[in-house]
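Notes follow the structure.
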Amino acid sequence: MKILIYGEWFLPSIGGVQTAMELLARGFAEFRDEPLSSDGRSIQVTVATNSPRDGMDDSKLPYDVVRQPSFFQLKRLIRNADIVHLAGPCLLPMLISWATAKPFVVVHHVYQAACPNGLLFKQPSQTVCSGHFMNKEYAECYRCCSQPIGGAAGLRLLLLEFPRRWLSKRAASNVMITNHVGARLHLPRSRTIYYGIDGVEPLPPRVDNGSEPMEFGYVGRLVAEKGLPLLVEAAQHLAGGGKPFRLTFVGDGPQRARLQELVQQSGLGNHIRFTGSLRGDALDSATSRISVLIMPSIWEESAGLAAIEQMMRGRMVIAADIGGLTEIVGDAGLKFALGDSRGLAAAMARVIDDPSLVTSLGSSARSRAMKLFRLDGMIRPHVALYRGLINARSASVAETTKAK
């Protein structure tokens, strides 16, 4: 089976979609069930992306990578594949696949098939969108898209949304990363396959001896939709109540300068620190010091790979009760209402007052992650889906040939 995985962005670019692509590509490349070739490799994987190499050694990956392919290279890659796997509804490969009758599967990491900005997040109000595009309220979409990038670029985003959704409806299958995403997109031939990760060992439980403040942390991009000013506000409530704590922001992004300014203005410099972007051992070291992960998103987070990773490590999670986060965390963490900084502060205070929650809910998080978010639980459903689509296509071609 030859699988082409296409994503606009890939390693070394950092993000949840890029991480999911790499995990899936590696999982396919190392899949050994029912080998289809003499060397025991059942799947041949190629990743195509517009991301530049930026010094990354692709030869160390267990699959081929084609970067910044030309139109004709991409067309050839699609023609040579048995199935085309798209990390999001990418227009050009969808169009080529559809035009050449090549079966393609779209994995919907966000809401690009139902929202021009892909986030269902309104600008400039920075609130959850009710679904203006799906409701044919295109003037609202234009106003939202135009806010950050200007009228011409906003109009282009809006106009491209029509072929993007049309082509998504013609995918052989639409894979949703949570049931919530599926409910928002309303696309035919949909199924849910959760993110999966492996090789993440549980961290030793943090033992509270009463001498150190509780360690809270956020891990991810510092962007507006993640609700990070809300977390600073909650920290201000905690500090005002005399609660001992530390808070670490692990990651980087356009919101960092604003957040640091808020911390300075709030007098929280002794409580909050920023590590910047970390990878490898430095990231592991920073996250190992965190007792509780906080996800304060103000958009409908489609899943939350950072939450899954920390749950797999046995870390407790406090999350906004919204979107895919609610589905991922389930009853294995604490939740607070969207945009409620006092509710978030109350959840954090509850942990400070009862440190045993770190161990008990951390254990629950690990159990839930092991049950729902194993890498094998992501790879095998994809393989079964692709084999079914390829077999169905082969049977259709044979039937057509027989009829002639």
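Comparison of ARG342, ARG387 shows that the only residue that is surrounded by fewer than 20 Cβ atoms within 10 Å (Cβ to Cβ) and outside the structural domain of LEU230 (by TED's automatic domain parsing) is ARG387. Among residues of segment 89-101 that are assigned by TED's automatic domain parsing to the domain that holds VAL181, those with a Cβ under 8 angstrom from a residue that is of a type in the set (S, T, N, Q) and not in a loop (DSSP other than H, G, I, E, B), sequence gap 6+ or separate chain, pair up as PRO89/SER168; MET94/SER168.
Only a single criterion out of (1) surrounded by fewer than 24 Cβ atoms within 10 Å (Cβ to Cβ); (2) touching a strand residue (DSSP E or B) at 6+ places or on another chain (Cβ under 9 Å) is not satisfied by SER356, namely (2). Listed by position, the strands (runs of 3 or more DSSP E) enclosed by segment 259-337 that each have at least 2 residues that are free of Cβ contacts under 8 Å to residues at least 60 places away in the same chain and surrounded by 17 or more Cβ atoms within 10 Å (Cβ to Cβ) are 272-276, 316-320, 334-336. When the strands (runs of 3 or more DSSP E) confined to segment 145-252 are screened for residues that are touching a residue at least 24 places away in the same chain (Cβ under 8 Å), within 23 Å of SER297 (Cα to Cα) and out of contact with any helix residue (DSSP H, G or I) (no Cβ under 9 Å at 6 or more places or on another chain), those reaching at least 1 such residues are found at 214-219, 245-250.
Out of ARG41, ARG76, ARG67, report the one residue that is more than 25 Å from the chain's Cα centre (by Cα), modelled with pLDDT of 95 or more and not polar (S, T, N, Q). Step through it out loud before you land on a result.
Details: ARG41 fails: modelled with pLDDT of 95 or more; ARG67 fails: more than 25 Å from the chain's Cα centre (by Cα).
Result of the check over ARG41, ARG76, ARG67: ARG76.
In segment 177-193, the condition of being surrounded by fewer than 13 Cβ atoms within 10 Å (Cβ to Cβ), out of contact with any strand residue (DSSP E or B) (no Cβ under 9 Å at 6 or more places or on another chain) and at negative phi is met by no residue.
The values are calculated or read from the model by the stated rules, or taken from the named source; none is laboratory data. As the structure is a computational prediction, the values presented were derived from the model and not from experiment. All Cβ positions, even for glycine, are placed from backbone atoms using ideal geometry, and neighbour counts span all protein chains on display.
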